[in-house]
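The values are calculated or read from the model by the stated rules, or taken from the named source; none is laboratory data. Remember, it's a predicted structure, so these values are computed and weren't measured experimentally. Heads up, the Cβs are rebuilt from the backbone with ideal geometry, glycines too, and the neighbour counts pull from every protein chain shown. For the accessible areas, the whole protein counts, side chains as well, though only heavy atoms, and no ligand, DNA or RNA atoms are used. Shrake-Rupley method; radii C 1.70, N 1.55, O 1.52, S 1.80 Å.
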Amino acid sequence: MAQLYTKDTQAIFWNNNSSAIQRMLDYDYTIKRKKPSVAGIVAPTSSSKFEKFFYGPDEIMIPLYKNSAEAKAAQPQADVLLNFASFRTAYDVTMEALEIGGFKSIMVTAEGIPERLARKMNATAKAKNVIVIGPATVGAIVPGAFKIANIGGTIENIVQSKLHRAGSCGLVTRSGGLFNELSNIIAINADGIAEGVAIGGDRFVGSVFIDNLLRMEANPEVKYMLLLGEVGGTEEYKVIEAVKSGKIKKPIIAWCIGTIAKYYDSGVQFGHAGASANGDMETAEAKNKAMKEAGIHVPASFNNLPEIISAVHHELHAEGIIKDIKEPATNVCPSVRKSKEFICTISDDRGDEATYAGFPISSLATPDTGKGIGDVISLLWFKKQYPKWATDFIETVIKTVADHGPAVSGAHNAKVTARAGKSVVESLVTGLLTIGPRFGGAIDDAAKYFKYANDNKLSPADFLNHMKKEGIPIPGIGHRIKSLKNPDLRVEGLKKYAAKSFPATPLLDYALTVEQLTTSKKENLILNVDGTIGILMVDMWRALGYSEDEISEFISSGTLNSFFIVGRSIGFIGHVLDEKRLAMPMYRHPMTDILYDVQVAEEI
Ligand code: ACO
Ligand code: LMR
């Protein structure tokens, strides 16, 4: 892998660190990336499904996942894991990601992971050819392509340090703070960086200087490299070896910080866990000297670094190796942004013509479009254009449940309300309010319980026992007037349609075995119209390729009862209009039809 990241690279961000994620997205917007660099967030304790972020002046939703496996399965293209777990969890998160596979690089931000674990983690990653950046790092950047979290600082600082577009230096440091400082120095004295990595301050980090420099040697965008080492460790000597053996041919500028250590009597431990010399070879002085001897450009002091950068850059420019950079156009993030209160993912009325899930209304409304109400429902409820057999099924359901005469609970209520002088909407609502577990609203629960029984391979007898224990009648079974002798022809019609048009009906087949048992007990315990609809919808969704989780979510959010609500509204409105047309007077229920059982008050 010559280039660490590209403009298409996407990451999974472990931990909902919203300010760091927002910085990544501000960067994406600034450099005009097409896709956000964060594809998903692992937020184990969150119950939300997404988090809103600004993308320039607009907002986007980034999905949240409970764990890395779920995130990776949903976002297989995301091959970078940004592990922002605490030092207590970071090891496990990395090891799990290595187990899941599919990540090319993993960045670990936590400082203080026990060294024994860090070594094991790094060795496992190396064996699997996965680049680990960190632990104890702010990350890496490929300017103009992808930036990890907070590296480079604020967006203003990034643009000022020319980190918004590729330059020609490959920068490797241990420290994140000095990474930013050097980016700025390189921007002022040369043309910015092509790729930069802060490898991290812990003693045992995943990718070391040499790993990054060898990659940069192979990356044609990098014309020269700058290495900022520090006191402690011997990693710089591997770079010296590579230069001596000719493995690295591009010019390297290098400096090891920590030369002040010699002025102290005893060994000095600097801020990083790895920044302490265990022996002469590990001092900054010795390393600077050895690097200089190997032909690396080493300044006399840190203060002389800018002039060396400028000189190397000029030379490569004069040789034609470094070309002039045409400054790209960038977007500017607005400084004041307001988060939106509502989200809509189904329709859009902002253009000339409103759309249903992206389809202009005129492409669906008139008969010549060939589209029906089933298409409109599939778009507005499920944000997908279902195939004809499925939209025809939806329409069959709507037409089937549109009315069942004036005597049923809801129609009766709507009629009484209309006769009390109320409006269409008021009367309709009183009808709709009767839809529930006994009347018309057993569809969701029928789907839920039959699916549960079938998924768990319960025999019909076991299913009946299970429901007995739950203490509720089986939703979707039983009817007041329909029975084996007086079959519900609506159910027959739905079953016939499914047999003809569905690829398969496994849940219906199971439900019919249950019906055999219930009707053997009592002949009105048939699979009723609610049950048939709920069960066939599950068969439809399975055939359409929905996951079991998605189907369960449809059920628990009340999607199935909604088919009855839409269909039966047609009938209720019919009954209300009928009452109005007939100018019927207020209804009073005959007292002879009421059993009065009120105690006579005792004499006071
Ligand atoms: N599961 C198991 N046993 C049942 C069921 C059922 N779904 N429905 C009725 N029974 C049993 C009762 O326990 C009772 O048994 P018992 O005689 O041993 O005491 C017997 O059948 C009669 O019960 P009722 O409640 O009097 O039955 P009724 O015919 O009045 O009820 C109803 C009809 C309300 C639809 C009922 O069957 C039921 O609650 N079913 C489940 C809910 C349902 O699917 N509703 C949608 C109906 S279709 C529609 O509204 C469009
Ligand atoms: C309906 O569709 O309303 C009926 O199944 C209920 C009933 O009581 O007839």
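Working note: Karplus 6.51/-1.76/1.60 with θ = phi - 60° gives the range 363-380 the couplings 7, 10, 6, 8, x, 5, 6, x, 9, x, 5, x, 5, 4, 5, 4, 6, 7 Hz, where Gly and Pro are set to x. Taking every Cα-Cα distance in the range 166-326 and sorting them into 10 Å bins starting at zero, the pair-distance distribution P(r) comes out as 11, 43, 36, 9, 1, 0 percent.
For the pair the range 1-20 / the range 463-504, the C-alpha centres are spaced 51 Å from each other.
Each Lys or Arg adds one and each Asp or Glu subtracts one; over the other residues with Cβ under 15 Å from the Cβ of Met584, this totals +4. Here the spin labels are modelled as points 7 Å beyond Cα on the Cα-Cβ line, and at Ile481 and Met584 they lie 1.5 nm apart. Other residues whose C-beta falls under 14 angstrom from the C-beta of Lys500 contribute a net charge of 0, scoring Lys and Arg +1 and Asp and Glu -1. Here the Karplus curve 6.51 cos²θ - 1.76 cosθ + 1.60, taken at θ = phi - 60°, turns the phi angles of the range 571-582 into couplings of x, 4, 4, x, 5, 5, 5, 4, 4, 5, 4, 7 Hz, with x standing for Gly and Pro.
In the chain, the convex hull through the Cα atoms has an average projected area of 44.3 nm², a quarter of its surface area. Residues whose amide H comes within less than 5 Å of that of Met225, counting only those at least five positions distant or on another chain, are Gly170, Ile252, Ile253 (H built at 1.01 Å from N in the peptide plane).
Nearest 5 is fine: what % of DSSP beta bridges in the chain come out antiparallel, could you say? Don't skip to the end; give the middle numbers.
On the way: 16 of 51 bridges.
The antiparallel proportion sits near 30 percent.
Extension gain, Met281 to Phe439: 0.36 nm times the residue separation minus the Cα-Cα distance gives 48.5 nm.
Any idea what diffusion coefficient the range 484-604 gets from Stokes-Einstein, in µm²/s, Kirkwood Rh on alpha carbon pairs, 10 °C, 1.306 mPa s? The estimated diffusion coefficient comes to 86 µm²/s. Rolling a 1.4 angstrom probe over the chain with all protein chains present gives an accessible area of which 55% lies on carbon and sulfur atoms. Using the Cβ-Cβ distance between Val600 and Glu470 with R0 set to 45 Å, the FRET efficiency works out to roughly 0.60.
Across every pair of different alpha-carbon atoms, what Kirkwood hydrodynamic radius in Å does the range 387-544 reach? Don't skip to the answer; put the middle values down first.
Values: mean 1/r = 0.0605 Å⁻¹.
Here the Kirkwood hydrodynamic radius works out to 16.5 Å.
Cα-based radius of gyration for the range 320-432, normalised by 2.2 N^0.38 Å, reads 1.87. Shown here are the Rg and Dmax of the Cα trace of the range 8-136, at 14.3, 46 Å. Centroid-to-centroid, using Cα positions, the range 216-256 and the range 88-143 are 22 Å apart. Working note: Debye formula, equal point scatterers on the alpha-carbon atoms of the range 130-202, no solvent; log10 I(q)/I(0) at q = 0.23, 0.27 Å⁻¹ is -0.93, -1.27. Rolling a 1.4 angstrom probe over the protein heavy atoms with all chains in place gives the chain an accessible area of 49 Å² per residue. Distance between Cα centroids, the range 505-571 to the range 349-396: provide it in whole Å. One Cα centre to the other: 23 Å. Close amide H partners of Ser347, meaning residues 5 or more places away or on another chain with modelled amide H under 5 Å apart, are Ala357. The residues neighbouring Arg203, those whose beta-carbon lies less than 12 Å from its own, together hold a net charge of -3 under the Lys/Arg +1, Asp/Glu -1 convention. Dividing the summed helix terms, -39500 (n - 2.57) for each DSSP H run of n ≥ 4, by the number of residues in the chain produces a 222 nm estimate of -13000 deg cm²/dmol to the nearest 500.
In sequence order, the range 47-54 has phi-based couplings of 9, 7, 9, 7, 10, 8, 9, 7 Hz under the Karplus curve 6.51 cos²θ - 1.76 cosθ + 1.60, θ = phi - 60°, and Gly or Pro positions carry x. Of the trypsin sites (Lys or Arg not before Pro) in the range 502-604, the ones in a loop by DSSP (not H, G, I, E or B) with at most 12 other beta carbons within 10 Å are Lys522, Arg588.
Going down the table (Lys399/Lys522; Lys32/Lys326; Lys384/Lys496; Lys72/Lys388; Lys34/Lys323), which pairs top 23 Å between alpha carbons?
Working: Lys399/Lys522 29 Å; Lys32/Lys326 16 Å; Lys384/Lys496 25 Å; Lys72/Lys388 33 Å; Lys34/Lys323 26 Å.
Listed pairs above 23 Å: Lys399/Lys522; Lys384/Lys496; Lys72/Lys388; Lys34/Lys323.
The charge dipole of the range 166-326, taken about its Cα centre with unit charges on the Cβ of Lys, Arg, Asp and Glu (plus for the first two, minus for the last two), comes to roughly 260 debye.
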